[in-house]
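Heads up: the structure comes next, in structure tokens.
The values are calculated or read from the model by the stated rules, or taken from the named source; none is laboratory data. What you are looking at is a predicted structure, and each value in this text was computed from that prediction instead of being measured. Reconstructed Cβ throughout: ideal geometry from the backbone, glycine too, with neighbour counts over all protein chains shown. Please note that ligands, DNA and RNA were not included when accessible areas were found on the heavy atoms of the full protein model with its side chains. Shrake-Rupley method; radii C 1.70, N 1.55, O 1.52, S 1.80 Å.
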Amino acid sequence: MEWVNETWVREFVFLGFSALASLQRLLFMVFLLVYLFTLGTNAIIMSTIVLDRALHTPMYFFLSVLSSFETSYTFVIVPKMLVDLLAQKKTISFLGCAIQMFTFLFLGCSHSFLLAAMGYDRYVAICNPLRYTVLMGHGVCLGLVAAACACGFTVSLVTTSLVFHLPFHSSNQLHHFFCDISPVLKLASHHSRLSQLVIFMLGVLVLVIPLLLILVSYVRIISAILKIPSSVGRYKAFSTCASHLIVVTVHYGCASFIYLRPKSNYSSSQDTLISVFYTILTPLFNPMIYSLRNKEFKSALQRTMSKTWFPLS
């Protein structure tokens, strides 16, 4: 009860786009179009993977989970942001802010661990191709996704609990467009070094450890690729990993900039700009990088469209 009595702030006011007041209607239209296109692209990818049996492989199973994470990720943040761009009062309740942070962190952390699982999938496919179907069976794939979600749930629960058990007595003006960790922590009346350290170490757990696992996988993958005698074989093997490498670079680059830099270097304007990139643009580009440049997926998409639109032909 002591925490409830000390919590004077009952709602937060978003100021993320306050400096762009004259452009907010334009931003609304741009972000709405991008959001709808993102939903449509991810829906096409997931439905194609489900409907075409040729894509019922571990790589595309992980891709469908990634697309569902991307869709849910944007759904937590973008609709509220779009409403706020047209609203005079851009507020969110204390509980709503906590729920948004928890859900956002859960999906983001699970996304990080899922990328590590996808790196392991590529490692097995290239380094142990003869045992691929055994090592990456359906049960193993489900187990890796469940482990990624369990890790994401644990980290997000601990982090959100630490943040929202702090007293918020003074300002409720949040210099961001959603309830991210650093902007909310900045409003806390006081917080111990222990809580800061725990939150930072959780960030290290979520970002550094999966990234190290991915790097280890790719060291072995590159070593195996270099042993392939033909240049065509080397190119084909590496092309199956290129999309994953691009997504990993963007995801861990943006997330590390936001969550692993010292608190003294915090800049609300920089964070807002980077956050727009990884909450709105990245969920659009990631599935496209993975799927729409992939010949196997394009063929499956054409087959699915033919069966759906011309079932009797």
Estimated translational D of segment 147-211 in µm²/s (Stokes, Kirkwood radius over Cα pairs; 10 °C; 1.306 mPa s): 124
With every protein chain in place, the chain: carbon and sulfur % of accessible area (1.4 Å): 70
Centroid-to-centroid separation of segment 114-145 and segment 153-201 [C-alpha atoms, Å]: 36
Kirkwood hydrodynamic radius over Cα pairs of segment 17-57, then Stokes diffusion coefficient at 10 °C and 1.306 mPa s, in µm²/s: 128
Taking N as its residue count, the alpha carbon Rg of segment 99-156 over 2.2 N^0.38 Å: 1.30
Coarse-grained scattering of the chain at q = 0.09, 0.11, 0.14, 0.15 Å⁻¹, given as base-10 log I(q)/I(0) from a Debye sum over alpha-carbon atoms: -0.52, -0.75, -1.11, -1.22
Calculated from backbone phi, Karplus (6.51, -1.76, 1.60) coupling profile of segment 117-123 in Hz, x at Gly/Pro: 4, 5, x, 5, 4, 5, 4
Pairwise Cα inverse-distance average, inverted: Kirkwood Rh of segment 123-171 (Å): 13.9
Lysine pairs within the chain, Cα separation less than 27 Å, 8 or more sequence positions apart or different chains: 14
Ellipsoid semi-axes in whole angstrom, largest first, where each is sqrt(5λ) of the Cα gyration tensor of segment 150-261: 41, 14, 10
Qualifying trypsin sites (Lys or Arg not before Pro) in segment 175-263, DSSP loop, other Cβ atoms within 10 Å at most 12: Lys227
Square roots of five times the Cα gyration tensor eigenvalues for segment 13-128, Å: 35, 17, 11
Segment 54-156 - accessible surface per residue (Å², probe 1.4 Å): 39
